Structure formats: structure tokens, C-alpha cells
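To start, the structure under review is shown below, and the notes come after it.
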Amino acid sequence: MSSLDKAIQTQIDNIQKKTGMTLAELSTFIKKSGLSKHSEIRDMLKEKLGLGHGDANTLVHVVFQSDGTRAAEGKSTDQVLDEIYTGAKAHMRPIHEALMKHINKFGEFEIAPKKGYVSLRRKKQFAMIGPKTNTRFEVGINAKDFKKNARLLKQPKGSMCNYIVNLTDAKEVDDELIAWIKSAYEGAG
């Protein structure tokens, strides 16, 4: 079992403890809700079961086997990147390449390709990188207590990353951004 699989299993175990329901019962609860959109189901779980955003999101993915990991299963990182950076998002690949040029110098880490982004992990995820829309690239950073900065968008508690930095051009990959990512890298391992 990979460290990512272990982390998801631990999260599911904790969700079951919080709710007092087994995964099978949670699955039935979700399917009986009559909701079909991921965001609607996630919001319903937050409201009715008191789950945080991250827990509710993961639970929906597990129940419907719709997470980015399964979408990228059996494909090489290069194949996933070719799929991510195609069509209207092709022009964003230089941002990815610029980031990875710097991040690869940090030391050892795992690249876990997902359907629409790449997760970068040591003992835990320290960053997520990929296009969010056709015009906006997103760098998710898992670190705590960064000084307030207009570029750093603090995320709600329970989000996949503590901070988001939006980019539109590879020129925005600067020393400040790389320092934030390196700090997260050092804290993840």
C-alpha cells in the first residue's frame, strides 16, 4: 500500500469514527440522498454530518471512485502531463516545467499524477501544481504560518492545501514562490 493509500485509509477511518457510520453505511447515505453532483454531495456531507471540506471531498471520491488517482492509474507521469496540458491548457506547460526545474533541486520526493494536476509528496503532500482553468495555473502549498502576502491566498481549514498561488505566466515562477514551496517541502519530510 502506498503512503498516499495509507493516508486516505486513515482519513476514511477517522471519518467513520466521527460519524459513527461504516463506509458501507456512508455510501448508502450518500446514494440515498438523491444528489448526483460532487459539489452538492460534498456540501450535504458537511451540513448533515459536520464533516470538514477535505473529509467530505475525499469521502465522495472514495464512494464514487472518482479521485484523480484512479483517473491517472496505469499511466506514466509524462502521459498524464500530456493529457493535462492539451488543448486550451497546452500553453500552461511552461509554468509546470519552470516550477519543476526548481523543485527537482530540493531533494527526493514523490510525484503523484492525478487527473488534472500533480501532487508532490514526501511523507505528506507539500504541493499541488496544475492548471485550474484554461487561463489560470494553481500552485497549492501545504505549509503553516506564512506571513500575509497578496499572492498567497489562504485556504479554509480542511482544504487540500493551506495556501494557493495563482499564476498565468512562467515568469511568475520567482524566488519568493520557490522559497514558499521549499519551506513546505522541508516541513513535509
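Annotations
- Helical contribution to [θ] at 222 nm, DSSP H n ≥ 4, -39,500 (n - 2.57), averaged over the chain, rounded to 500: -14000 deg cm²/dmol
- Couplings for segment 57-64, taken from phi via the Karplus curve 6.51 cos²θ - 1.76 cosθ + 1.60 with θ = phi - 60°, read 4, 4, 4, 4, 4, 5, 4, 9 Hz in order; Gly and Pro are left as x.
- L51 long-range amide H proximity, modeled H, under 5 Å: K46
- Restricted to Cα atoms, segment 3-66 shows a radius of gyration and a Dmax of 10.7, 33 angstrom.
- Dipole of the chain computed with +1 at Lys/Arg Cβ and -1 at Asp/Glu Cβ about the Cα centre; of S76, F137, F64, farthest Cα towards the positive end is F64.
- Computed label-point distance, nm, for sites K37 and S76 using a 7 Å Cα→Cβ extension: 3.9 nm
- Normalising by residue count, the chain has a Cα convex hull of 133 Å³ per residue.
- Unit charges on C-beta of K, R, D, E only; dipole of segment 92-189, Debye: 380 debye
- The coefficient of translational diffusion for segment 77-187, derived via Stokes-Einstein from the alpha carbon Kirkwood radius under 20 °C and 1.002 mPa s, stands at 153 µm²/s.
- Projected area averaged over orientations for segment 88-139, convex hull of C-alpha atoms, nm²: 3.5 nm²
- Result for the chain in a Gaussian network model with C-alpha springs under 10 Å: among G20, G116, G130, the largest mean-square fluctuation is at G20.
Only the coordinates and a few stated rules stand behind these numbers; no lab work does. Remember, it's a predicted structure, so these values are computed and weren't measured experimentally. Note that each Cβ is placed from the backbone with ideal geometry, even for glycine, and that neighbours are counted across all protein chains shown.
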